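In what follows, a single structure is set out as structure tokens and then discussed.
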Amino acid sequence: MALQNSLTETQLQTRRISFLFDGIKGFIEQIGVVIIIILTVYFVLRGEMTIGAIMFHILLFNNVSAPIRQLHRIYDEMNDALIYSESFFQIMNSDHQIEPSGSYKPENITGKFEIKDLNFTYPDNELRTLEDIDMVIEPNKITALVGLSGAGKSTLINLLDKFYSPDSGEILLDGVSLEDYDTAYLRDHIGLVLQKNHIFNGSILENIKYGNPDAFFEDIVEAAEKSYLHEQVIKMPDGYDTPATSLSGGQQQKIAIARMFLKNPPVIFLDEPTASLDAISTQQIKESLDAIKKDRTVVVISHSISQIIDSDMIYVMKDGRVVEHGSHAELYEANGTYRKIFDSMAKSMNLSLMTEYI
């Protein structure tokens, strides 16, 4: 929080100086024109200049001041370029691993996560995000994380994917501390589909291929078919060469899912994977996800009943803590936090009314 306040104050100070400088520059330009008009009118009245000389001197002043304004603009752009390039080249010259990385690379990953006494606080944040988390994610099963917004579900996914390190406690993957794993190797074996995924400035083909750079065109098409994107792509004039940034939000989400099919990892993290899709696309993607979930370790975060009800284990989170866990039937019968969330989901969908027409 202190760092954020400092950055905000620095940005405000920069803006104040910029507005002041722009104001002074604009005032000098305008007052210069006024002075020229007054002087030329004076000389015209004395008969030393013609009336046309007024416009001549104004145009002359503008021609002289225009390069100065252009130099100011170039100077601003150069400063911005230097600031951004400094960070860019720091990343490019880094040793590919900004965060601490271990060296452990097993032959295969089954995907059993054991989380013990986990605590985590985001940098420069006084409030703890996760507290005393104990959890076991069994391999080849579906584990759902349920809770209201801000409960810490996505944060836990970030820790499992080694984007952050916990303040205390430990995370074991197949009995080995997550910190001991080679970070690049770990992420090569994890498929991640978020609510909003990054789409690069390239073609659909290039964006899907990001899931596996060594994939052949036939593999990319197969992944697109599984994510129900292929039929839409072939109807486009440029097909798979169509810029991915021109697609709708739902189509871009299907690209992210196609990447996962292409990557074919043993561990899958799904964070609201169908949030940007319409009802038909959601059903199509659910069928695809159901197929790829088999014999894999899956952790899913969703506010959709269909995504969580068939999970093998459900962990209910509230204010950064695990308050309940069990199967859907067990949690519903317990009449606790999960039942309140589940009933709210059902009411928001008007299930009682919808079932009358089925």
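The values are calculated or read from the model by the stated rules, or taken from the named source; none is laboratory data. Keep in mind the model is a prediction, meaning the values are calculated, not measured. For neighbour counting, all protein chains shown are included, and Cβ atoms are generated from backbone atoms with ideal geometry for every residue, glycine included. Each accessible area value is taken on the protein alone, full model and side chains, heavy atoms only, with ligands, DNA and RNA left out. Shrake-Rupley method; radii C 1.70, N 1.55, O 1.52, S 1.80 Å.
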**OP:** Taking H placed 1.01 Å from N in the peptide plane, check which residues at least 5 places from Lys318 or on another chain put their amide H under 5 Å from its amide H.
**Re:** Val323
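Counting each DSSP H run of 4 or more residues in the chain as -39500 (n - 2.57), what helix-only mean residue ellipticity at 222 nm follows after dividing by all residues, to the nearest 500 deg cm²/dmol?
Helix contribution divided over all residues of the chain: -15500 deg cm²/dmol.
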Original post:
Across 5 Å bins from 0, what is the distribution of all Cα-Cα pair distances for the stretch 9-74, in whole percents?
Top reply: 3, 16, 18, 18, 14, 10, 8, 6, 4, 2, 1, 0
Subject >> ³J(HN,Hα) computed for each position of the stretch 207-219 - Karplus, 6.51 cos²θ - 1.76 cosθ + 1.60, integer Hz, glycine/proline x >> reply: 5, 5, 5, 4, x, 7, x, 8, 6, 8, 4, 4, 5
Original post:
Whole-Hz Karplus ³J(HN,Hα) for the stretch 157-170, in order, using 6.51 cos²θ - 1.76 cosθ + 1.60 and θ = phi - 60°, x for Gly and Pro?
Top reply: 4, 4, 6, 5, 8, 6, 6, 9, 10, x, 5, 8, x, 8
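Take the residue pairs Lys105/Lys141; Lys105/Lys153; Lys141/Lys226; Lys196/Lys293; Lys209/Lys235; Lys105/Lys254 and return only those whose Cα atoms are more than 25 Å apart.
On the way: Lys105/Lys141 23 Å; Lys105/Lys153 27 Å; Lys141/Lys226 21 Å; Lys196/Lys293 21 Å; Lys209/Lys235 20 Å; Lys105/Lys254 30 Å.
Result: Lys105/Lys153; Lys105/Lys254 exceed 25 Å.
What whole-number value in Å² describes the accessible area per residue of the chain for a 1.4 Å probe?
Details: 21260 Å² over 358 residues.
Here the residues of the chain average 59 Å² of exposed surface.
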Original post:
Taking the Cα-to-Cβ direction at Asn335 and at Ile74 and moving 7 Å from each Cα, how far apart do the two end points lie in nm?
Top reply: 7.8 nm
Original post:
Going by alpha carbons, how many degrees (0 to 90, nearest 10) lie between the helix axis of 52-92 and the longest principal axis of the chain?
Top reply: 30 degrees
Original post:
In whole Hz, what ³J(HN,Hα) sequence does the stretch 298-305 give by Karplus (6.51, -1.76, 1.60; θ = phi - 60°), x for Gly and Pro?
Top reply: 10, 10, 10, 10, 7, 9, 9, 4
Original post:
Rounded to a whole number, what % of the accessible area of the chain do carbon and sulfur atoms account for, probe 1.4 Å?
Top reply: 57 percent
**OP:** Quick one: net charge around Leu192, please, counting Lys, Arg +1 and Asp, Glu -1 for every other residue with C-beta under 11 Å from its C-beta.
**Re:** +1
Subject >> Tail fraction, Cα-Cα pairs, the chain, threshold 35 Å, whole percent >> reply: 45 percent
